[in-house]
Amino acid sequence: MSQARVLEWHKLAEKLTILNDRGQGVLIRMYNIKKLGVWQKFLNGNPKSKPPFLLEKSMESSLKYINKKFPNIDVRNSTQHLGPVQREKSEIIRYLTNYYQSFVDVMEFRAWLFLGFCVFSSYLDLIVTYTSVILLLSRIEDRRVLIGMFNCAHEMLHGHSDSSFARLAQMVLEYDHPLKKLTEEFGPHTKAVSEALLSLHCLFVRRNQGAEQWRSVQLLSLIGTASAMINPANSDTMACEYLSVEVMERWIVIGFLLCHGCLNSNADCQKLWKLCLQGSLYITLIREDALQVAKLIFFGDFYGQFHSQRRQFLRIAVKELETVLTDEPGLLGPKALYAFMALSFIRDEVTWLVRHTENVTKTKTPEDYVDSSIAELLFLLEEVRALVRRHIKVIQQYHLQYLARFDALVLSDIIQNLSVCPEEESIIMSSFVSTLSSLNLKQVDNGEKFEFSGLRLDWFRLQAYTSVAKAPLHLHENPDLAKVMNLIVFHSRMLDSVESMLVETSDLSTFWYAGVRAVVRGRQGCLGDDAFFPGSPFPQYPHLKNHGLHHCNSFLEELAKQTSNCVLEICAEQRNLSEQLLPKHCATTISKAKNKKTMKQRQTPRKGEPERDKPGAESHRKNRSVVTNMDKLHLNLTELALTMNHVQSFSVFEHTIFPSEYLSSHLEARFNRAIVWLAGYNATTQEIARPSELLAGVKAYISFIQSLAQFLGADVSRVIRNALLQQTQPLDSCGEQTITTLYTNWYLESLLRQASSGTIILSPVMQAFISLPREGEQNFSAEEFSDVSEMRALAELLGPYGMKFLSENLMWHVTSQIVELKKLVVENMDVLVQIRSNFNKADLMASLVPQLTGADNVLKRMTIIGVILSFRAMAQEGLREVSGGGGLLLSRECSPECCFLLHQVTLSIFELASAAGVDCDIDPALVAAIANLKTDLSSPEEEYKVACLLLIFLAVSLPLLAMDAASFYSIEKDGYSNNIHCLTKAIIQVSAALFTVYNKNIETHLKEFLVVASVSLLQLGQETDKLKTRNRESISLLMRLESSFLTLDMLESCFPYVLLRNAYREVSRHSACSSCTAK
């Protein structure tokens, strides 16, 4: 090798590598200065980092002066304009040094480039990098102000201009019109650049084939030729098979823009130029900064459809490839090239769509630039990447043996057959053979790290040495050497650079900077992952991190929302099918079966009466090709579930993302809203679903959601448990009303309010509230909402917490009535005291009782209390049956047989018993509510006295009920039309609670009430006015007081049972007479 050659080409490979890396660094700095902007950074960033000199109003004139006079700025004679700069010169130097040095680096990079350009002009990456740097430099609007202000401050501080300012200012002025200046610079190198570009012609034409041509040659197909399935995938130009088309387009466009003279003189250059420009509207300089080429050329509309068809082909072909490689991962050894080709092709199509979808020119087919299935390509790309990473050992073992047992032998034979081989080249090639021959499988098994970057750099050197015109060994004369070395380079990268190969072929970091909306439109069905962006310098750019996390979060939120909506839609369909099986729908079927043989049944059905399908008819299909709504929902759910459950977790920066948690959150919220929707509450009409129907619907929802546990990947048990638990509270986690609130309000405002007004009565024999046949009073049937099955369903829906909330609201209404009763007692205090002392004196009582005011009001309010407490007892019975069915220990211990024992214990035990639905003699909820009514305005003794007189007031007021026509006892209903049979429960429960609060003996006071009431009712028998004794026998039946506090002996001594028996006989006789009269 000659001395001149050594001097000219010494360490050429290293210089090219360093210059390219340096160029990329300068390019990124220019991008940051342009993108962020020094003024934007200072004015919109952290207030603490704002330079104070830029916030001063006086600095504006200096900035305008520097920009106008650049670069000829007279610092010494312009103190009027540069006074603010003089004052802040130290701060300006401190803040602008980095920006100024970045511009200086551009100038130095330019000098290095053209110092030896004739030597390496064929290396197109360097040309593209340099051009991109210059174009970005020209796009920085404040470049003159930055450079000029820094130099002014430097001259003021040091007495002279910066040494680089003159050359830097000249360069900035020259590149005000960058393409014009660049064309002049590259004019002498047109021949070298055009030859380099023409070498891409065959490759570029082959890589721009359409989908039909790909399909005809079965591109990426492993099963097309089954006999060659295990043959290694080789090519004479291995690296070109997965080379990005975008990179080639960037080379061709920028290269011919700089050396456009060859387009008129060389027809091949012109063909390559047109072919390249017809395919892309924009080419990327860096990140989202692009060079728009549509202003210069015609952009064919057909290329939108061309790329759309290629994406469609890739979706099918890559899916087939991924399926085969997943089933037979051993094929990744010989067919690794196919995997990287697939990644490269997908990346090219996705980036093309990203570049053009937001900037497409007017076209007749805009749908070609919006791909709703782009997410599928991203999904396949990630699948292939994961497949390669998962089976990297398979790839390493295969290619290690390939290098040691084939490549090394072939290379050795080629070296021996070389006609001329200089000493330096011989040393390099001999080192190749020795390095490859020393490889063995134990290195892979032991997990050793391979390093072949030195070998590849030596091959780079060898190419440089053999490319000189006067070199003894010419590479173009020995194509076999180039082919085998290209193969060796690829095989070596399969050992030590698989990850970098994945980045090279599938890096989509451009999504962080541009075109996110292009993919967002079609991203449904594919999970995002920062693994798409391994080459992005995220730690240096926290705004990109926040941007990425935001999009990842919004995507998963949207995906989880769609999945939960689909699940709940299917649940609604399942609920409709379940509703068809409710007992209320069988009446028509029973009626038809009963009258099947009658003449009416034989007659033709009336017009307008639709034939009701039987449950299960939807499963009978005459044609399976008919797709029902349920089929569509299940197909959609299958795709969404596959997406959500594809990976359990993935990382975005330092955050670990669990898709199932997003789904659980949305599913829980939607399930909560669905339960409330099933209740069907209408505040205007006061309509609501029956608890049993709601329970059936909720069970249908739960049954289907539970069946999806293994498909969704979410903890559906937790979702259901949380949702149902929230429904037992007044408000859910979103602050919305729950079924507990809805049913509590409805029972209080609709059922119990109408029961208080007499339109609904309690029927103990039916264990339900029933509606009286009155027009316009209510729009529902009370027994359909209050019978035993409905109370069980209500207790199962609301649970112990919900029933407690219902009880608290019931008790609030009870205490409000007690407050009013106490007021009435206080108003009649003196009279009641006398009555209490003289109740057994008939003459005196005859004069005292008429003096009482509000007796009817007392009975009415006490009846309301009794209705409320009776409803609560029914609800508690439903809760007991629901909770007791599971064999709860509390239910067994708190059975009615041991109520007496519980009465001897503390109220906390009663509270536990009440939580299980056990009926206790002393109601803990009522005791707590009454205890909260105690005020400091009256002493406990006075409160106790009022409670005692309240019972006296009730006892002497009972005879007044006999005058009411509605006070007649109905044997069929086991009650009264005005609900006064609820008085007994009210008297016993309120007395027990009151005297528990005052710590007095309950039995004593109930006995006192019983005595006074008996005397009052017995005195009613002496009344001569028939109107006052109208329903005397019915009222006498109220003395059937059933309580553990009252013994049979006590009842017999106060009101003999013979009187009750006689009253029953009279009521029965009267009822029989009324029935005969009615007939």
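Go through segment 964-986 and give me each residue that's in a helix (DSSP H, G or I), open to solvent by less than 10 Å² (accessible area, probe 1.4 Å) and farther than 20 Å from residue 1068 by Cβ.
First, pick out the residues of segment 964-986 that are in a helix (DSSP H, G or I): 965-967, 980-986.
So of that shortlist, the ones also open to solvent by less than 10 Å² (accessible area, probe 1.4 Å) come out as 967, 980, 982-983, 986.
982, 983, 986, listed by residue number.
Take residues that are farther than 19 Å from residue 480 by Cα and tell me which of the helices (runs of 4 or more DSSP H) falling wholly in segment 333-434 contain 2 or more. Lay out the reasoning, then the answer.
Numbers: elements: 336-357, 374-390, 392-402, 408-416.
The qualifying helices (runs of 4 or more DSSP H) are 336-357, 374-390, 392-402.
Condition check: open to solvent by 60 Å² or more (accessible area, probe 1.4 Å) and under 60 Å from the mean Cα position of the chain (by Cα). Does residue 1053 satisfy that? It would help to see each step written out before you state the result.
On the way: open to solvent by 60 Å² or more (accessible area, probe 1.4 Å): yes; under 60 Å from the mean Cα position of the chain (by Cα): no.
Spelling it out, it is not the case that residue 1053 is open to solvent by 60 Å² or more (accessible area, probe 1.4 Å) and under 60 Å from the mean Cα position of the chain (by Cα).
Examine segment 890-909 for a residue that is open to solvent by less than 30 Å² (accessible area, probe 1.4 Å), out of contact with any Cys (no Cβ under 9 Å at 6 or more places or on another chain), at pLDDT 60 or above and not in a loop (DSSP other than H, G, I, E, B), and state whether such a residue exists.
The answer is no, given that none of the residues of segment 890-909 is open to solvent by less than 30 Å² (accessible area, probe 1.4 Å), out of contact with any Cys (no Cβ under 9 Å at 6 or more places or on another chain), at pLDDT 60 or above and not in a loop (DSSP other than H, G, I, E, B).
So that you can scan it fast, the table gives a plain yes or no per residue for (1) under 25 Å from residue 26 (Cβ atoms); (2) of a type in the set (Ser, Thr, Tyr); (3) open to solvent by less than 10 Å² (accessible area, probe 1.4 Å):
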{"residue": "226", "(1), (2), (3)": "no, no, no"}
{"residue": "257", "(1), (2), (3)": "yes, no, no"}
{"residue": "276", "(1), (2), (3)": "no, no, yes"}
{"residue": "281", "(1), (2), (3)": "no, no, yes"}
{"residue": "308", "(1), (2), (3)": "no, yes, no"}
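Restricting to segment 729-744, name every residue that is modelled with pLDDT of 90 or more and either open to solvent by 70 Å² or more (accessible area, probe 1.4 Å) or of a type in the set (Phe, Trp, Tyr) (or both).
731, 736, 737, 743
So which residues in segment 157-204 are surrounded by fewer than 17 Cβ atoms within 10 Å (Cβ to Cβ) and hydroxyl-bearing (Ser, Thr, Tyr), if there are any at all?
If the condition is that a residue be surrounded by fewer than 17 Cβ atoms within 10 Å (Cβ to Cβ) and hydroxyl-bearing (Ser, Thr, Tyr), then 161, 163, 183, 199 are the ones that fit.
Inside segment 209-308, counting only helices (runs of 4 or more DSSP H) that do not spill past its ends, which hold 3 or more residues that are of a type in the set (D, E, K, R) and within 19 Å of residue 505 (Cα to Cα)?
Values: elements: 211-216, 238-241, 245-258, 261-265, 267-277.
Hits in segment 209-308: 245-258.
Of a type in the set (D, E, K, R), open to solvent by 20 Å² or more (accessible area, probe 1.4 Å), in contact with a Phe, Trp or Tyr (Cβ under 7 Å, 6 or more places away or on another chain) and in a helix (DSSP H, G or I), is that true of residue 1003?
Numbers: of a type in the set (D, E, K, R): yes; open to solvent by 20 Å² or more (accessible area, probe 1.4 Å): yes; in contact with a Phe, Trp or Tyr (Cβ under 7 Å, 6 or more places away or on another chain): yes; in a helix (DSSP H, G or I): yes.
In short, yes.
Condition test on residue 794, is it out of contact with any His (no Cβ under 9 Å at 6 or more places or on another chain) and either open to solvent by less than 20 Å² (accessible area, probe 1.4 Å) or of a type outside the set (A, V, I, L, M) (or both)? Give the derivation first.
Numbers: out of contact with any His (no Cβ under 9 Å at 6 or more places or on another chain): yes; either open to solvent by less than 20 Å² (accessible area, probe 1.4 Å) or of a type outside the set (A, V, I, L, M) (or both): yes.
Here the answer is yes, as residue 794 does meet what is asked.
How many residues are more than 24 Å from the chain's Cα centre (by Cα), crowded, with 16+ Cβ neighbours inside 10 Å and not small (Gly, Ala, Ser) if we restrict to segment 678-728?
Result for segment 678-728: 9.
Would you mind finding the one in 832, 810 that is within 42 Å of the chain's Cα centre (by Cα), of a type outside the set (Val, Ile, Thr) and part of a helix (DSSP H, G or I)? Break it down into steps so the answer makes sense when it comes.
Numbers: 832 fails: within 42 Å of the chain's Cα centre (by Cα).
Just a single option satisfies the conditions, and that option is 810.
Please count how many residues of segment 706-746 are in a helix (DSSP H, G or I), farther than 16 Å from residue 662 by Cα and not charged (D, E, K, R). Steps first, answer last, please.
The initial filter retains those residues of segment 706-746 that are in a helix (DSSP H, G or I), namely 706-707, 709-712, 716-727, 739-746.
So of that shortlist, the ones also farther than 16 Å from residue 662 by Cα come out as 706-707, 710, 721, 724-727, 739-746.
Checking the rest, the ones that are also not charged (D, E, K, R) come to 706-707, 710, 724-727, 739-746.
Residues flagged as in a helix (DSSP H, G or I), farther than 16 Å from residue 662 by Cα and not charged (D, E, K, R) within segment 706-746 amount to 15.
Does any residue in segment 784-798 that is in contact (Cβ under 8 Å) with a residue 60 or more places away in the chain come within less than 8 Å, Cβ to Cβ, of a residue that is of a type in the set (Val, Ile, Thr) six or more places away or on a different chain, and which pairs are these?
Going by the 8 Å Cβ cut-off, the qualifying pairs are 792/882; 795/882; 796/882; 797/698; 797/739; 798/728; 798/739; 798/740.
Here's a check for you: in segment 432-473, which residue that is open to solvent by 40 Å² or more (accessible area, probe 1.4 Å) and of a type in the set (Ser, Thr, Tyr) is farthest from residue 501 (Cα to Cα)?
467
If the Cβ limit is 7 Å and pairs must be 6+ apart or interchain, which residue in segment 668-683 that is farther than 18 Å from residue 721 by Cα pairs with which residue that is not hydrophobic (A, V, I, L, M, F, W, C)?
So the pair list comes out as 680/687.
Out of 675, 761, which single residue is in a strand (DSSP E or B) and open to solvent by less than 70 Å² (accessible area, probe 1.4 Å)?
Numbers: 675 fails: in a strand (DSSP E or B).
Testing whether each residue is in a strand (DSSP E or B) and open to solvent by less than 70 Å² (accessible area, probe 1.4 Å) leaves just 761.
What tally of residues in segment 973-1003 results from selecting those that are without any contact (Cβ under 8 Å) to a residue 12 or more places away in the chain and touching a Leu at 6+ places or on another chain (Cβ under 6 Å)? Spell out the reasoning first.
Of the residues in segment 973-1003, the ones without any contact (Cβ under 8 Å) to a residue 12 or more places away in the chain are 999, 1001.
Now restrict to residues that are touching a Leu at 6+ places or on another chain (Cβ under 6 Å): none.
The qualifying residues number 0.
Name the one entry in 33, 18 that is modelled with pLDDT of 65 or more, assigned to a helix (DSSP H, G or I), surrounded by fewer than 18 Cβ atoms within 10 Å (Cβ to Cβ) and β-branched (Val, Ile, Thr). Please lay out each step first, then the result.
On the way: 33 fails: surrounded by fewer than 18 Cβ atoms within 10 Å (Cβ to Cβ).
One residue alone meets the criteria, 18.
Does any residue in segment 473-494 that is more than 21 Å from residue 451 (Cα to Cα) come within less than 6 Å, Cβ to Cβ, of a residue that is modelled with pLDDT of 90 or more and not in a helix (DSSP H, G or I) six or more places away or on a different chain, and which pairs are these?
Within 6 Å, no pair qualifies.
The values are calculated or read from the model by the stated rules, or taken from the named source; none is laboratory data. Fair warning: this is a prediction, and the values are worked out from it, not measured in the lab. A quick note on method: Cβ atoms are made from the backbone with ideal geometry, for glycine too, and the neighbour counts reach across all protein chains shown. The protein model used for the area step is the full one, side chains on, heavy atoms only, and it has no ligands, DNA or RNA in it. Shrake-Rupley method; radii C 1.70, N 1.55, O 1.52, S 1.80 Å.
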